[in-house]
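The values are calculated or read from the model by the stated rules, or taken from the named source; none is laboratory data. Computed from a predicted structure; not experimentally measured. Note: ideal-geometry Cβ built from the backbone for every residue, glycine included; neighbour counts use all protein chains shown. These area figures cover heavy atoms from the full protein model, side chains too; ligands, DNA and RNA do not enter into them. Shrake-Rupley method; radii C 1.70, N 1.55, O 1.52, S 1.80 Å.
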Amino acid sequence: MSLLSDDLSRTSDHLSEKVLWSVVGVTLVGWSFQLFAYVDTFRWVTPVQLSLAGVGIVLLLTSWAHITSSPRIERLVQHVGLVAAMAGFAVWALMQVRTAPGYGTDEMAFNQYAGQIAAHFHNPYPRSMAPAFPAFDVSPNGYTFNLNGAPVTALSYPALSFLIYVPFLWLHLHAQLGVVVNVVAWIIAAVTAYRLLPTPLKPVPILLSALGVFMGYSVGGVTDVVYLTPLMLAVHRFDQLGDMAISRVRWKGVALGLALSVKQTPWIMLPFLVGAIFVEERRRAGTRPAFRVLVDYLGPGALAFALVNAPFALTNPHAWLRGILTPLQNTLVPAGQGIISLALYLGIGGGQLRLYGLSLAAAAVTAWLAFIATYPRFKALTILGPGALMLLAARSFDSYLLMPVLPGLVAMSGLRPREGTTPRISRRLAFSAVGSAVAAASLAAVALVSRAPLTVDIQSVRTTGQLATIVQIDAQVTNTTSRTLRPTFTIDQGGSLTAFWNRVAGPTFLAPHHRAHYTLLAPNFFAQPPLTGGFQLMAFTSSPATVAVSAPFVANQHHVQLLPRAVNRTVPIGRPVEFRAQVVNTFNQPVRRAGIVVYLGQIVYTQSGLAYGQAVINGQPVGATPVQARTDAAGRVTFRVMGTVASHDPVYFEANLTNDVSRYPYGYSDIVPIRFGPTRTGATSIDGAVRHCVCGKA
């Protein structure tokens, strides 16, 4: 029975490996399709995308068709698949840089700017990073803000985060260096994971490389990728350090120190890793050998961390410490996908933001005690598990959980099998864990029931018209507490905060139990939400740290469909063209209601600027725009358009609706251009004009 079970297990593993490599083949074909979008602009991409498709097809065939019985050839094809996938990722990243060269986050911009300062042998920690924003074309929506509305301008990470840029800068490599470092770091991490993972799991790093979230992290500016390789080297087979040569243990410690010198995310894992190693070695060889292993492992790690950071910590200890602890401060605006989203999007628990940090600390103590008490039951989660704690933080981004996936898989796959039974739980540890768990639950509960001190109601908005964005918000804000508050305002659109809006009317300080009207203006174009989506107005206070949100504001419940969608031939002047405008809902279903006012406007977009259209709409004077009409019972309006001037530039027509209360336009249709030409003999009837209008497909 045991032999049969082993055979079934090996068959299952082999089948799983084939499936994974088949998915890798499909992934390479997918890379080919993605790159195909760029072949018309970059002709050299054509052979690349063809090669990716070819390698993907070969992988599919070799995985299932038994073309060769040689494991060596099969492995060679798989290695080629790895190289092809990394090449596809690199080329795709290059295409993103060519189309959108600005840095997506302030952290990448800060790191390169700090690297430039360090390359000239200066300490970047006391310096303001504000010049990095324009230098690397960071969108104002990519800034990190404090609760008072001011952007963070201090370097916020350990020294290796920017020192890795210095060698490239000395070689005069500057353009898009942040993206280059990220992409190269991800490729190295994927190849390292491929080498360290057991054979059945080798396709996993290739597949992760093709996931949109990791692709977006690398190109978009999430610099966590830099610590992945040293962290993988540090945690691979961490439960077997006592069986390794001391030199190997020390080198692993150095790798750990380097990972800790890049960003604060690995710091969360460190207590769990240290606890696991100590308990593992103490049970294997005793307390003194366990301490010796920890010294051999952590000593070089601490030395590596110190050597990387010492030049900056010694020259200005206060600035260095303030910088590396910036992400842990309570002055930053809350954000993320964790429990804080209840406050940000449902208005639940925004009255005591500092309690989220306290509950996180208590939960971390609870988790660590439970981890040690039940070790080795949860040993496999030593690296991946701690990231889940960040769901309790006031800033809980998905990168905290997702970026450690590769190191976590490498750590799990290298563990030796559990032997024997789980030791009895220490009564002292159990009581401590229960106590900290009660504290964590209590703090989280108080945080969630703490109501925001402000209530925010959007009264009206002002838009940019055909630009279809919102530029002004009028809101009513009420202070429900007995203390004076100083609110600052921004909006959340699509899960991200914009730059804080400018207050042009309303009191700076809102008195206790008072209500006030605020007029807010968008500080820049990037902060203007589009009419096509919804948004929330957020009010923050820094003392105490709170957040209040308005109800979602959706400006665009209905919109207009204009038919025909396209007029593909020149229409002679004097010949009418009939447009049918249908009011539809968000699912493009007809809104069958009479009396809705629909507007049709005309404009000419010339190479040198805008010009007035000279067409006649529904018999109104020449050039009149917009012209309004009311819908019939089916929710439709008919507009008859006739050109009066022949021109090389087409006249662009667009229909829209108008809000009954605030009178802002919304619900714009697609734009339909018509080029009017000279009158042609025999083409004077309306029916003839309609026959000349060739409608494009929806």
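Listed by position, the helices (runs of 4 or more DSSP H) enclosed by region 252-341 that each have at least 1 residues that are without any contact (Cβ under 8 Å) to a residue 40 or more places away in the chain and farther than 30 Å from Pro544 by Cα are 265-285, 287-315.
Would you call Tyr157 open to solvent by less than 40 Å² (accessible area, probe 1.4 Å) and closer than 17 Å to Val181 by Cβ?
Working: open to solvent by less than 40 Å² (accessible area, probe 1.4 Å): yes; closer than 17 Å to Val181 by Cβ: yes.
The answer is yes for Tyr157.
Among the residues of region 383-437, those identified as out of contact with any Gly (no Cβ under 6 Å at 6 or more places or on another chain), β-branched (Val, Ile, Thr) and at pLDDT 85 or above are Val405, Val410. Checking each residue in region 375-386 for being open to solvent by 20 Å² or more (accessible area, probe 1.4 Å) and either outside any helix (DSSP H, G or I) or closer than 25 Å to Asn146 by Cα (or both) picks out Pro376, Arg377, Phe378, Leu384. Scoring Gly212 on the criteria (1) over 29 Å from His122 (Cα atoms); (2) touching a residue at least 24 places away in the same chain (Cβ under 8 Å); (3) under 24 Å from the mean Cα position of the chain (by Cα) leaves a single failure, condition (2). Of all residues in region 532-557, those satisfying the criterion of being modelled with pLDDT of 90 or more and assigned to a loop (DSSP other than H, G, I, E, B) are Pro544, Ser550, Ala551, Pro552. In region 489-513, the residue that is surrounded by the most Cβ atoms within 10 Å (Cβ to Cβ) out of those that are closer than 26 Å to Leu342 by Cα and among the small types (Gly, Ala, Ser) is Ala499.
Scanning region 119-139 for residues that are touching a residue at least 60 places away in the same chain (Cβ under 8 Å) and open to solvent by 10 Å² or more (accessible area, probe 1.4 Å) turns up Asn123, Pro126, Ser139. Of the helices (runs of 4 or more DSSP H) lying entirely inside region 156-209, not one contains at least 3 residues that are charged (D, E, K, R) and on the phi < 0 side of the Ramachandran plot.
Do we find a residue being over 19 Å from Val262 (Cα atoms) and either open to solvent by 50 Å² or more (accessible area, probe 1.4 Å) or within 29 Å of the chain's Cα centre (by Cα) (or both) anywhere in region 298-308? No: zero hits.
Residue-by-condition table, conditions (1) surrounded by fewer than 14 Cβ atoms within 10 Å (Cβ to Cβ); (2) free of Cβ contacts under 8 Å to residues at least 24 places away in the same chain:
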{"residue": "Arg593", "(1), (2)": "yes, no"}
{"residue": "Ile603", "(1), (2)": "no, no"}
{"residue": "Gly609", "(1), (2)": "yes, yes"}
{"residue": "Ala624", "(1), (2)": "no, yes"}
{"residue": "Gln628", "(1), (2)": "no, no"}
{"residue": "Arg636", "(1), (2)": "no, no"}
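For Ser63, the criteria (1) open to solvent by 40 Å² or more (accessible area, probe 1.4 Å); (2) hydroxyl-bearing (Ser, Thr, Tyr); (3) modelled with pLDDT under 85; (4) outside any loop (DSSP other than H, G, I, E, B) hold in every case but one, which is (1).
If only one of Phe371, Phe278, Phe272 is over 20 Å from Ala440 (Cα atoms) and out of contact with any strand residue (DSSP E or B) (no Cβ under 8 Å at 6 or more places or on another chain), which one is it? Step through it out loud before you land on a result.
Working: Phe371 fails: over 20 Å from Ala440 (Cα atoms); Phe272 fails: over 20 Å from Ala440 (Cα atoms).
Exactly one residue qualifies, and that residue is Phe278.
For region 387-473, the helices (runs of 4 or more DSSP H) that sit wholly inside it and include 3 or more residues that are out of contact with any strand residue (DSSP E or B) (no Cβ under 9 Å at 6 or more places or on another chain), surrounded by fewer than 18 Cβ atoms within 10 Å (Cβ to Cβ) and of a type in the set (A, V, I, L, M, F, W, C) are 427-449.
Exactly one residue out of Leu208, Leu228, Leu196 is open to solvent by less than 30 Å² (accessible area, probe 1.4 Å), of a type outside the set (Phe, Trp, Tyr) and more than 27 Å from Leu155 (Cβ to Cβ): that is Leu208.
Residues are listed down the side, and each one gets a yes or a no for (1) open to solvent by less than 20 Å² (accessible area, probe 1.4 Å); (2) touching a His at 6+ places or on another chain (Cβ under 9 Å):
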| site | (1), (2) |
| --- | --- |
| Asn148 | no, no |
| Val152 | yes, no |
| Val181 | yes, no |
| Pro200 | no, yes |
| Val213 | no, no |
| Gly221 | yes, no |
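Just so you know, in region 269-291 the residues that are of a type in the set (Val, Ile, Thr) and surrounded by fewer than 19 Cβ atoms within 10 Å (Cβ to Cβ) include one that is farthest from Pro407 (Cα to Cα), and it is Thr287.
In the set (1) open to solvent by 70 Å² or more (accessible area, probe 1.4 Å); (2) modelled with pLDDT of 80 or more; (3) not in a helix (DSSP H, G or I), Ser69 fails one condition alone, (2).
Yes/no per residue for (1) of a type outside the set (Phe, Trp, Tyr); (2) part of a strand (DSSP E or B):
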site: Arg593; (1), (2): yes, no
site: Tyr599; (1), (2): no, yes
site: Pro621; (1), (2): yes, no
site: Arg640; (1), (2): yes, yes
